[in-house]
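Let me begin by presenting the structure, written as structure tokens, before commenting on it.
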Amino acid sequence: GFPQPPVQSSIRIYLSSMGAGRRLERRYLKAFRSARHQILIAHGYFIPDRAIVRALLAARKRGVRVRLLLAGRSDVPFAVAATRSRYQRLLEAGVEVYEWNASVLHAKAAAIDGKRFLVGSFNLDPLSLANLEVLAEVSDPRLTMDGEAWIERHLDGAHRVMSDEPHSPLQRWIYGPVGRLALK
């Protein structure tokens, strides 16, 4: 037969092999670094490394609105504590953090400027860097709008976390040392 031309698509699929999740993380970093207006993230297990945190903080410095929809409850012990140990620095930079409490949140998606939508099995956490994962990167405006709308609907039903929320000494201990220990 005749050679087939490459398929032109607005969806690209990325796979990681065991221990090769950095390739997928780089897709997130590229998307965050390209953002000019808005980053929406919905992740059930959000325990980002320094590179992701720096990319989000840099986006805020550029004036990008960054909103995170994260799990307020989890099926994984200490996952919420580990996630909450990351809040303060993000909140101080003006990142908007929302917790979904209606059910366990298993979302793994991000929308950037209405132009790019990332979705798959890849979490922004240390375990996904070592596991077999898949990530779809969508550049179709209609599909991206649908993804954004899904995140927005869930943000509307979520609790916004404020940096001045009172925490008991036990909560501060769980979100601090225990949360950081869960990251190791």
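Details
- Most to least packed among 145-152, 21-28 [average Cβ atoms within 10 Å]: 21-28, 145-152
- Applying 1/(1 + (r/R0)^6) with r as the Cβ-Cβ distance of R160 and Y14 and R0 = 35 angstrom yields a FRET efficiency of 0.65.
- Most tightly packed first, judged by the mean number of other beta-carbon atoms within 10 Å of their residues, the peptides 67-73, 95-101 read 67-73, 95-101.
- Segment 73-142 - accessible surface per residue (Å², probe 1.4 Å): 44
- Between R54 and K30, the contour length at 0.36 nm per residue exceeds the alpha carbon distance by 7.4 nm.
- Rounded accessible area per residue of segment 7-50, 1.4 Å, Å²: 56
- Other-chain or far-sequence residues with amide H under 5 Å of V161's (modelled H): V97, Y98, E99
- Gained length - L132 relative to H37, 0.36 nm times residue gap less alpha-carbon distance: 31.0 nm
The values are calculated or read from the model by the stated rules, or taken from the named source; none is laboratory data. A quick note: this is a predicted structure, and the numbers were derived from the prediction, not measured. Cβ: placed from backbone, ideal geometry, glycine included. Neighbour counts: every protein chain shown. Quick note on the areas: whole protein, heavy atoms, side chains included, nothing else; ligands and nucleic acids left out. Shrake-Rupley method; radii C 1.70, N 1.55, O 1.52, S 1.80 Å.
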